[in-house]
Amino acid sequence: MGVEMRLKDKDRCILRMLLDNGRLSYSEIGRRCGISRQLAYEHVKKLVSEGIIKSFSICLDADKLGFGFMAYVLLIVKPDERLRHELAEFLRRSRNVRRIQLLFGRFDFFLELLFRNKEEMTDFIRRMHSFGAVERTETFIVYQTVKDAPEDPFLECLK
């Protein structure tokens, strides 16, 4: 687990601006945060070098790109380390896997998956089971997303 960092007010402001709109220019960030363009640039550069900003990206609409089928899978895997490693490599390479998380508790892995349709998901789960490491899976198919705002917890701490 990471250690909570104390952020300066200007850094908090810059992070809020970037979370709201990652395409803002340094001039606009500076104007909104009450600092110069150059100082905004230096603060962003520092936030990146410290690892607070991990990357810059865009948010795509999965439905509009044909990935309207989302599922979550919980996995229980066999203790065989070689089989676990092969499964983990398969999951890392798979284009359908958005997130892999290791868990404490009854399940070992939590997967967030995107597919074009049910058949693609079924094929993926069959291939996943073929590794022999999978003891049991539990699959949850998403029929509606009510909220998708992964930045909200960060916005709360940046006030």
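The values are calculated or read from the model by the stated rules, or taken from the named source; none is laboratory data. What you see is a predicted model; the values in this text were computed from it and never measured. Ideal geometry is used to build each Cβ from the backbone, glycine not excepted, and the neighbour counts take in all protein chains shown.
Being exposed (fewer than 14 other Cβ atoms within 10 Å of the Cβ), at pLDDT below 95, more than 30 Å from Leu103 (Cα to Cα) and not hydroxyl-bearing (Ser, Thr, Tyr) is the requirement here; does Lys45 meet it? Spell out how you get there, then give the answer.
Numbers: exposed (fewer than 14 other Cβ atoms within 10 Å of the Cβ): yes; at pLDDT below 95: no; more than 30 Å from Leu103 (Cα to Cα): yes; not hydroxyl-bearing (Ser, Thr, Tyr): yes.
No, not satisfied.
Being free of Cβ contacts under 8 Å to residues at least 24 places away in the same chain and of a type in the set (S, T, N, Q) is the filter here, so list the residues in the stretch 143-159 that pass it.
The initial filter retains those residues of the stretch 143-159 that are free of Cβ contacts under 8 Å to residues at least 24 places away in the same chain, namely 143-144, 146-150, 152-153, 156-157.
Of everything in the stretch 143-159, just one residue is free of Cβ contacts under 8 Å to residues at least 24 places away in the same chain and of a type in the set (S, T, N, Q), namely Gln144.
Would you be able to say whether some residue in the stretch 62-75 is surrounded by fewer than 18 Cβ atoms within 10 Å (Cβ to Cβ), under 30 Å from Val134 (Cα atoms) and touching a Leu at 6+ places or on another chain (Cβ under 6 Å)?
Checking the stretch 62-75: at least one residue is surrounded by fewer than 18 Cβ atoms within 10 Å (Cβ to Cβ), under 30 Å from Val134 (Cα atoms) and touching a Leu at 6+ places or on another chain (Cβ under 6 Å).
Rundown of residues vs (1) at pLDDT below 95; (2) over 30 Å from Lys10 (Cα atoms), yes/no style:
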residue: Phe56; (1), (2): yes, no
residue: Asp63; (1), (2): yes, yes
residue: Asp80; (1), (2): yes, yes
residue: Asn96; (1), (2): no, yes
residue: Leu103; (1), (2): no, yes
residue: Phe107; (1), (2): no, yes
residue: Lys147; (1), (2): yes, no
residue: Lys159; (1), (2): yes, no
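Could you count how many residues in the stretch 13-29 are within 24 Å of the chain's Cα centre (by Cα), part of a loop (DSSP other than H, G, I, E, B) and without any contact (Cβ under 8 Å) to a residue 24 or more places away in the chain? Write out each step before concluding.
So in the stretch 13-29, the residues within 24 Å of the chain's Cα centre (by Cα) come out as 13-24.
Still in the running and part of a loop (DSSP other than H, G, I, E, B): 21-24.
Restricting the remaining residues to those that are without any contact (Cβ under 8 Å) to a residue 24 or more places away in the chain gives 21, 23-24.
Total satisfying the criteria: 3.
Kindly indicate whether Gly105 is exposed (fewer than 14 other Cβ atoms within 10 Å of the Cβ) and in contact with a helix residue (DSSP H, G or I) (Cβ under 6 Å, 6 or more places away or on another chain).
Numbers: exposed (fewer than 14 other Cβ atoms within 10 Å of the Cβ): yes; in contact with a helix residue (DSSP H, G or I) (Cβ under 6 Å, 6 or more places away or on another chain): no.
So Gly105 does not fit the description; no.
If you check Phe140, Phe124, which single one turns out to be touching a residue at least 24 places away in the same chain (Cβ under 8 Å) and either under 30 Å from Leu15 (Cα atoms) or surrounded by 14 or more Cβ atoms within 10 Å (Cβ to Cβ) (or both)?
On the way: Phe140 fails: either under 30 Å from Leu15 (Cα atoms) or surrounded by 14 or more Cβ atoms within 10 Å (Cβ to Cβ) (or both).
So the residue among Phe140, Phe124 that is touching a residue at least 24 places away in the same chain (Cβ under 8 Å) and either under 30 Å from Leu15 (Cα atoms) or surrounded by 14 or more Cβ atoms within 10 Å (Cβ to Cβ) (or both) is Phe124.
Condition first: within 18 Å of the chain's Cα centre (by Cα) and under 21 Å from Met70 (Cβ atoms). Now tell me which residues in the stretch 144-159 satisfy that.
Matches in the stretch 144-159: Thr145, Val146, Lys147, Asp148, Ala149, Pro150, Glu151, Asp152, Pro153.
Given the criteria in a loop (DSSP other than H, G, I, E, B) and either surrounded by 15 or more Cβ atoms within 10 Å (Cβ to Cβ) or more than 23 Å from the chain's Cα centre (by Cα) (or both), does Arg32 qualify? Write out each step before concluding.
Working: in a loop (DSSP other than H, G, I, E, B): no; either surrounded by 15 or more Cβ atoms within 10 Å (Cβ to Cβ) or more than 23 Å from the chain's Cα centre (by Cα) (or both): yes.
Against the criterion (in a loop (DSSP other than H, G, I, E, B) and either surrounded by 15 or more Cβ atoms within 10 Å (Cβ to Cβ) or more than 23 Å from the chain's Cα centre (by Cα) (or both)), Arg32 does not qualify.
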